[in-house]
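Take a look at the structure set out below.
The values are calculated or read from the model by the stated rules, or taken from the named source; none is laboratory data. Not measured: the values here are computed from a predicted model. As a convention, Cβ positions derive from the backbone with ideal geometry for all residues, glycine included, and neighbour counts pool all protein chains shown. Remember, those area values only see protein heavy atoms, side chains included, never the ligands or the DNA or RNA. Shrake-Rupley method; radii C 1.70, N 1.55, O 1.52, S 1.80 Å.
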Amino acid sequence: MTNLKIEYESGQFIDVDLSDYLLFVGGQNDWKRKIIRSLKRFSVSKTLNELEEGIYGENGIEFYYNEKQLKSKDVNFMFLEDNKSIYNQLSFTKGNLMYQELFEIQHEVDITRQMEILNNELINLEVILNEHLSQFSNSIGSSLGSLLFTDILKNNLSLSYFTEKRDYPLEMINSSELLDEYVKLLESLIKRDEELVWLAIINPESFLEPHDFQYLFEALKRLSSETKQLKFFVFSNRSLELPYTSEDIGKTILLYNDYEQMPEYEIFEQSIERHYPDELKLSESEIVSSFYRISHLIGEEITGDSYISEKDMILLKVINNLLEINISTETSVQTLTQLEKAFLKENN
């Protein structure tokens, strides 16, 4: 774990420990907005204006990583927050993943050889053109110059997406269809440049299907573990459908009227067990799943119209008590009749 401090207002920091990724959960969207705002503004290597100085102070936004103050140039910041943000990395736009990947291959042997052939053909074309010019002038000649691979990319490249039935313009493709390409380009960038990349994923539930985000989450975990260069942050407004494990608990930042980084799972379970109203008989996976189901409700006022399972409600109240959050946790618990219970057990 490495200590990370993010200034969200002048002299005020969120202080957390980061290994490979962090999950920001909880019902406090104000916290999320402040942290995301700092990440986005810090990623722009530009002096703060007068209004921004009023928020962050004259020294600018300060980030500390491993006890050292960071400069924006030390980290390659990337953001995924909608369909367009994925497409924008796969279209050919200056500075994006596709742009960097294609520009990098200009020095490959096969590319260099083909460019030599192409430029030799240009010389032949220049000779033919001058023959035509000589028919009406002995003084005017032409020169076509030589082509660079980068010139061809800028002026002639168009990208499309191939399927079994037809080809589509890349901008017509849903972001979920481009995730595999996105991960491969990101991996290539990290391994090629060996730079620190911080990727913020904002409300993935709003633009990715659950199974697509599961794929992305597992792929990023693998890439982060293998390269040690990728750190990623997930901000969500509600519980995500992920195969959470006990490993995720210590990498979770709970946002309520305050913030709290969850301890490692063993300590977390012991705390729950000490404050549980009865003997804790839930398994490890059941505790983890229950925690993430209720994570967006912690610190929130729960009314009688909220239908939460009894076990989840108990855990919610235990955690609220542990965090010294004094709010109501009443809910509607409806009892099923014997016929209703039998109906649910019937095979469709």
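Assorted remarks:
- Of residues in segment 53-68 being without any contact (Cβ under 8 Å) to a residue 40 or more places away in the chain and under 25 Å from the mean Cα position of the chain (by Cα), the one surrounded by the fewest Cβ atoms within 10 Å (Cβ to Cβ): Lys68
- Residue check for Thr150: at pLDDT 90 or above, hydroxyl-bearing (Ser, Thr, Tyr) and open to solvent by 50 Å² or more (accessible area, probe 1.4 Å): no
- Verdict on Met78 being surrounded by 11 or more Cβ atoms within 10 Å (Cβ to Cβ), within 30 Å of Phe213 (Cβ to Cβ) and not aromatic (Phe, Trp, Tyr): yes
- Matching entry among Asp305, Asp312 (being open to solvent by 40 Å² or more (accessible area, probe 1.4 Å) and at pLDDT below 90): Asp305
- Every residue from segment 155-187 that is surrounded by 12 or more Cβ atoms within 10 Å (Cβ to Cβ), part of a helix (DSSP H, G or I) and more than 17 Å from the chain's Cα centre (by Cα): Leu170, Glu171
- Residues satisfying the stated conditions in segment 232-266, i.e. in contact with a Leu (Cβ under 9 Å, 6 or more places away or on another chain), part of a strand (DSSP E or B), open to solvent by less than 20 Å² (accessible area, probe 1.4 Å) and of a type outside the set (S, T, N, Q): Phe232, Phe233, Val234, Phe235, Ile253, Leu254
- Just one of the listed residues (Gln114, Gln100) is touching a helix residue (DSSP H, G or I) at 6+ places or on another chain (Cβ under 8 Å) and in a helix (DSSP H, G or I), and it is Gln100.
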